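Trainee: Before anything else, here's the structure in question.
The values are calculated or read from the model by the stated rules, or taken from the named source; none is laboratory data. Being a predicted model, the structure only gives us computed values, none of them experimental. Counting neighbours? That spans all protein chains shown, and the Cβs are built from the backbone with ideal geometry, glycine included.
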Amino acid sequence: VHMGTGSVVLLVIAALCLVYSTLRSRKIDYPAICYSIIALCLYVVASITSNKNSFIGLSYYFFVWLCCWSLIAGGLLTKYGGKYLNAVTVVCACVVLAVSVYANDRQMKPILTSRECDLHNRETTKLMAAEMNRLLTCKEWFVDIPIYGFPNALQFYMVGLDGTFPTAGFIGCDPRVPPEKMLDSSGPPKVVLLFDDDLAEVVSRCAQGLSCLPVRYPYYRWLGTYVRSQGNGFRRVRTFSLQFPSTKNPGGTTEVQVGLYVRELPQKIAI
């Protein structure tokens, strides 16, 4: 959760000091080793869970730091008897700080890029929801695009004064049901959101933000072909732009175009 490159460097220095002091004095410092193992175990337990608690992880992280500096001090005392303890401690601290600054600079760039994309996409989601609210009633349903937070984010902005909102349809991935049969039971949706580019290409371009299993690709492709075909009653009314961190340009963004289609003819599927 909290340990970066600088902290890993500090951990390695502490481990080397522990090994050196043990070999030099031929005496194992059991308390230091036990405290260090306990600190690392607590930190791993707090970091490895999917539902992370940052506050608990931070306290264990400080525990790890204290143990590391204690081991480094022990190694220096074994070697020099405290003669160069202050100077070497300052040097170690400067090395760790320099590595941390360099690593954080590299890590913050994609974080800031992701934040900028999130802010842009949130405003775009509001525009999508407003347009879909104009076209849909609470008894009609729509198909969204497979990105994280959808369709819940859309429906959050589509709640009416009476607490109702349109239903979102799920594009299934049951291999027993061919794509052309997926709308047989419920009929065509009133509104459909579609990427302009092929879904597989969009997923390959975006470093994060999309959520779609490859087994669902044929269903979205068939839906795109069906919606864009003439005679099925769909018309494109709006185009929206979403931004995601790019896989081809680390630290940069890639723009994805999304079309909003509305069904104007109440007819059955014609393939």
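Trainee: Find all pairs meeting these conditions: Cβ atoms under 6 angstrom apart; at least six residues apart or on different chains; first residue within the stretch 199-216 and within 21 Å of S114 (Cβ to Cβ); second residue assigned to a strand (DSSP E or B) and among the aliphatic types (A, V, I, L, M).
Mentor: Going by the 6 Å Cβ cut-off, the qualifying pairs are V202/V256; V203/L210; G209/I147; L210/I147.
Trainee: Looking at the stretch 158-173, is at least one residue within 21 Å of Q208 (Cβ to Cβ), modelled with pLDDT of 85 or more and touching an Asp or Glu at 6+ places or on another chain (Cβ under 7 Å)?
Mentor: Taking every residue of the stretch 158-173 in turn, none turns out to be within 21 Å of Q208 (Cβ to Cβ), modelled with pLDDT of 85 or more and touching an Asp or Glu at 6+ places or on another chain (Cβ under 7 Å).
Trainee: How many of the residues making up the stretch 197-216 are of a type in the set (D, E, K, R) and within 18 Å of N249 (Cα to Cα)?
Mentor: 2
Trainee: If you go through the stretch 130-139 one residue at a time, do you hit one that is in contact with a Pro (Cβ under 6 Å, 6 or more places away or on another chain), modelled with pLDDT of 85 or more and acidic (D, E)?
Mentor: no
Trainee: Across the stretch 183-235, what is the total count of residues that are assigned to a strand (DSSP E or B), under 30 Å from the mean Cα position of the chain (by Cα) and closer than 21 Å to W141 by Cα?
Mentor: 5
Trainee: Could you tell me which residue of the stretch 255-267 is farthest from L127 (Cα to Cα), considering only residues that are not hydrophobic (A, V, I, L, M, F, W, C) and not in a strand (DSSP E or B)?
Mentor: Among those that are not hydrophobic (A, V, I, L, M, F, W, C) and not in a strand (DSSP E or B), it is Q267.
Trainee: Take L71 and decide whether it is modelled with pLDDT of 70 or more and either surrounded by 13 or more Cβ atoms within 10 Å (Cβ to Cβ) or part of a helix (DSSP H, G or I) (or both).
Mentor: yes
Trainee: Considering only the stretch 240-254, I want to know if a residue exists there that is in a strand (DSSP E or B), within 19 Å of G169 (Cα to Cα) and among the aromatic types (F, W, Y).
Mentor: The answer is no, given that none of the residues of the stretch 240-254 is in a strand (DSSP E or B), within 19 Å of G169 (Cα to Cα) and among the aromatic types (F, W, Y).
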